[in-house]
Amino acid sequence: MSSQITFSDEQTMLLDTATEFCRKHSPIETVRARLDADQIDATTWKEITDLGWLGINVPEEFGGLGLGLSCVVPVAESMGRYLMGTPYNGAITASECLATSGSREQKEEWLPKIVSGAIGAMALIETNGSWILDQIEAQAIASEDMFELSGTKCFVTDADAADFYIVSVNVEAKARLALVKREQIPEGNLHREIVIDETRRSYQLDLDGIMVPVDQLLEGSDFQAIEFASLLLLSAEITGGLVGSIHTIVEYLNTRRAFDKVIGSYQALKHPTVKILLDLEASRSHLYHAATVLADDNAGEAEIALRMAKAHGSAAFAFAGDRAVQFHGGFGFTYECDAQLYLRRALWCQYQFGDEAYHRQLLEPILLD
């Protein structure tokens, strides 16, 4: 397995720009103010669109920059650091799905729209929490030149703001992907979910009664590309969250005093903080190694690198979030301290597309064979 890690000039520029943008647009006061928001911040989304970030991975022939998924990583990492709640990851995953599985006509219709700000939402997770192909329960039954959908999808983020959805369904006992337009969703088929991460706007999508034309079934079914993109973006968000967590921890440890000393001077708090810092560096190394091998188009190495990144990052972020809350013991209620926001994000990210135990179980036969 290659140990090479590259960090391009484009990634450096994007990390600097995205860090400053997210710091400005998503300070912790703004994050808290938007916890109960009923819709996305349209102004911020337009600025993200104007910066060209939605076209980073889209091929140039469809209006994008053609830089690949590896250059999306710095943007997703910065958003994770500042707990920015946007439909960005869903839109990027949808564009990657269309680029790898869509027909020429579907790419020409939708990829330029995504670059211009159209929001795509991924509807892959069943009510049992699984996204795995042989466990898909949603159905698409052919009826002349239409498909009738049935089933329910959960954890569809920013579904109410989406212009279209990529839905996994069974077609004649075979897993396929269908594109469903917003106007094809009957009123009342979207239901807001209560999830651990309050910065997320998550929905349940009821597919019953939805009819879509045959040409809205994607030509291909590259589920591996979807999983790889999702794992990379989640790992980037986790790494950013670790950065935000440790900044929150260090600031408090250098402010709070007990027995006439700042609490950060006590070994019992120093040691776990150092562990979090080391975990952060390891997570970032895993992340950019995964981005490197994915850009090299080596599916075997990419799978190993991505699963390692997600496994390590999930455990590290959950630990950091937990310690951050415990270190803020001087607060009367946990909800009052900002550290709990990182713990909530950590728990959300941990179980999206598999936690550390799930990925280590899949890595075992690959690495020990």
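The values are calculated or read from the model by the stated rules, or taken from the named source; none is laboratory data. Since the model is a prediction, treat every value here as computed from it, not as a measurement. Virtual Cβ from ideal backbone geometry, glycine too; neighbours counted across all protein chains shown.
Quick look at the values:
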| read-out | value |
| --- | --- |
| Leading residue by the ranking (surrounded by the most Cβ atoms within 10 Å (Cβ to Cβ)) among those in region 291-307 that are within 18 Å of the chain's Cα centre (by Cα) and farther than 11 Å from D355 by Cα | A291 |
| Considering residues of region 7-51 that are touching a helix residue (DSSP H, G or I) at 6+ places or on another chain (Cβ under 6 Å) and at pLDDT 95 or above only, the residue nearest to G66 (Cα to Cα) | L14 |
| Scope region 36-94; condition of a type in the set (K, R) and within 15 Å of the chain's Cα centre (by Cα); matching residues | R81 |
| Residue within region 322-344 that is within 18 Å of L287 (Cα to Cα), surrounded by 19 or more Cβ atoms within 10 Å (Cβ to Cβ) and either out of contact with any Cys (no Cβ under 9 Å at 6 or more places or on another chain) or among the hydroxyl-bearing types (S, T, Y) (or both) present | no |
| Number of the exception - G63 against (1) crowded, with 20+ Cβ neighbours inside 10 Å; (2) farther than 20 Å from L306 by Cβ | (1) |
| Cross-chain or 6+ apart pairs with Cβ under 6 Å, region 40-69 first and in contact (Cβ under 8 Å) with a residue 60 or more places away in the chain, then in a loop (DSSP other than H, G, I, E, B) | T49/G117; G55/G64; G55/L65; G68/N57; L69/N57 |
| Strands (runs of 3 or more DSSP E) contained entirely in region 163-254, each with at least 1 residues that are in contact (Cβ under 8 Å) with a residue 60 or more places away in the chain and closer than 23 Å to I141 by Cβ | 164-171, 174-181, 202-206, 211-213 |
| Residue check, T100 of a type in the set (S, T, Y), over 17 Å from G241 (Cβ atoms) and in contact with a Gly (Cβ under 7 Å, 6 or more places away or on another chain) | yes |
| Failed item, numbered, when Q204 is tested on (1) of a type in the set (S, T, N, Q); (2) farther than 20 Å from Y88 by Cα; (3) modelled with pLDDT of 95 or more | (2) |
| Helices (runs of 4 or more DSSP H) wholly inside region 262-357 containing at least 3 residues that are in contact with a Ser or Thr (Cβ under 7 Å, 6 or more places away or on another chain) and farther than 18 Å from L242 by Cα | 267-295 |
| Odd one out for Q4 among (1) under 21 Å from A305 (Cβ atoms); (2) without any contact (Cβ under 8 Å) to a residue 60 or more places away in the chain | (2) |
| Those residues of region 109-133 which are assigned to a helix (DSSP H, G or I) and within 23 Å of the chain's Cα centre (by Cα), in sequence order | W110, L111, P112, K113, I114, V115, L133 |
